[in-house]
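Input: a single structure, listed below in structure tokens.
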Amino acid sequence: MINVDETEIDKFSQLAHKWWDMSGEFKPLHEINPLRLGFIDERAAITGKQVLDVGCGGGILAESMASLGAAVTGIDLAKKSLKVAQLHSLESGVAVDYRCVAVEELAEESPASFDVVTCMEMLEHVPDPQSVVRSCASLVKPGGWVFFSTLNRNAKSYLLAVVGAEYVLNMLPRGTHEYARFLKPSELSRMARNAGLDMDAVRGMSYNPLTRIYSLGEDTAVNYLMACRRPE
Ligand code: SAH
């Protein structure tokens, strides 16, 4: 049994040509990318490290980590997205190794082989997020870092991430997010603990609609990043 929701993969496949359209559906991911890249690099100093990006999509984060000098592998189950990612990497000249493989399968194949594992905005699209968290934990080397980001589950995140983004502002296609799959920071940290990871830090990513600027801070109500470490 593979831990995937095919309708989710279809959704992303249909949008695959838009991954690098800076004003398209994935604009928010481009806008938050420098923030998450900074959050990751501040802690894990990725230059020269082996990094795995799980649910890499078109490679927004994967390529930016590679441009800092990390040796990056990006995995996803949407083949079209991986193709777009590969083409973009050829054009930009920033090499990333893209593979179509489930994280659980890669974890069986090559456990403890990455210094850093990132899994951004993906857990809220899978049937069994605990299984993904467990696989990320087994893919990272002892002492290595695992980073997650996802959407919190409460009235505010429902209003902003679902109603606001999908229905009012039309920033995202309707049905992009399924509220029931959003994860509270307490739930994600429990999953990390269950997988043998220590939680190191949580930061909120918030959007100011007036300035149209995203920033990192204490407010984890909608979108947040979590840094975890596998004990030595
Ligand atoms: N991590 C990227 C893309 C986030 S969009 C970024 O933040 O820029 C969510 C991604 O998760 C999509 O590319 C989708 O294809 C992928 N995804 C959804 N379910 C998946 C699964 N079960 N296994 C691997 N990738 C999955």
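In order along the stretch 12-28, phi translates into HN-Hα couplings of 6, 5, 5, 9, 3, 5, 9, 3, 9, 7, 5, 10, x, 4, 9, 3, x Hz, rounded to whole numbers, per the Karplus curve 6.51 cos²θ - 1.76 cosθ + 1.60 with θ = phi - 60° and x for Gly and Pro.
Three semi-axes describe the equivalent ellipsoid of the chain; taken as square roots of 5 times the Cα gyration tensor eigenvalues and ordered largest first, they are 24, 21, 18 Å.
Calculated FRET efficiency, residue 47 to residue 186, Cβ-Cβ distance, R0 = 35 Å: about 0.60 to the nearest 0.05.
Answer rounded, prolate or oblate for the stretch 98-230, using the Cα gyration tensor with square roots of eigenvalues a ≥ b ≥ c: rounded when a/c is under 1.5, else prolate when a/b is larger than b/c, else oblate. Prolate, because a/c is 1.5 or more and a/b exceeds b/c. Estimated at 0.36 nm per residue, the fully extended path between residue 193 and residue 179 surpasses their Cα-Cα distance by 2.7 nm. For the stretch 43-136, rounded, prolate or oblate, judged on the Cα gyration tensor with a ≥ b ≥ c (square roots of eigenvalues), a/c < 1.5 rounded, else prolate if a/b > b/c? Since a/c reaches 1.5 but b/c is at least a/b, the shape of the stretch 43-136 is classed as oblate. In the chain, a dipole from Cβ-located charges (positive for Lys and Arg, negative for Asp and Glu) runs towards its positive end, and of 204, 16, 101 it is 204 whose Cα lies farthest in that direction.
Taking Cβ atoms as reference points and 9 Å as the exclusive limit, the residues near residue 96 contribute a net charge of -3, counting Lys and Arg as +1 and Asp and Glu as -1. In plain terms, the residue of 2, 46 with the fewest other Cβ atoms within 10 Å comes first and the most crowded comes last, giving 2, 46.
Phi-derived couplings, Karplus 6.51 cos²θ - 1.76 cosθ + 1.60 at θ = phi - 60°, listed residue by residue for the stretch 209-216: x, 6, 8, 6, 10, 8, 8, 8 Hz, with x used for Gly and Pro. Would you mind checking the pairs 49/80; 11/83; 49/184; 49/141 and listing those with alpha carbons more than 21 angstrom apart? The pairs that break the limit, which is 21 Å between Cα atoms, are 49/80; 49/184. Simple rule: put +1 on each Lys or Arg Cβ and -1 on each Asp or Glu Cβ in the stretch 66-151, find the dipole, and look at 136, 68, 116; the Cα lying farthest toward the positive end is 68.
Going Cα to Cα from residue 18, which aspartates and glutamates come in below 17 Å? Please leave out same-chain ones fewer than 8 positions away. Answer for residue 18, where 17 Å is the Cα cut-off: 8, 10, 31, 63, 76, 91, 121, 166, listed by chain and number.
Listed from fewest to most Cβ neighbours within 10 Å, the set 150, 220, 47 follows the order 47, 220, 150. Taken as Cα centroids, the stretch 185-232 and the stretch 26-62 sit 14 Å apart, rounded to the nearest whole angstrom. Of the residues 131, 64, 186, the one that moves most in a GNM of the chain with alpha-carbon contacts below 10 Å is 186. Ordering 100, 228 from the fewest to the most neighbouring beta carbons within 10 Å gives 100, 228. Label-to-label distance for residue 154 and residue 27 is 2.7 nm, based on points extended 7 Å past Cα in the beta-carbon direction. Contact order, relative form, for the stretch 1-142: 26 percent (alpha carbon pairs under 8 Å, 6 or more residues apart, mean separation divided by residue count). Structure remark: mean-square fluctuation, Gaussian network model of the chain, C-alpha springs under 10 Å; the largest value among 95, 70, 180 belongs to 180.
I'd like the FRET efficiency for residue 212 and residue 112, computed as 1/(1 + (r/R0)^6) with the beta carbon distance as r and R0 of 45 Å, rounded to 0.05.
The formula returns an efficiency of 0.60 here.
Since every read-out is calculated from the coordinates, none of them should be taken as a lab result. Everything numeric in this text was worked out from a predicted model, so none of it was measured. No Cβ is skipped: glycine too gets one built from the backbone with ideal geometry, and neighbour counts run over all protein chains shown.
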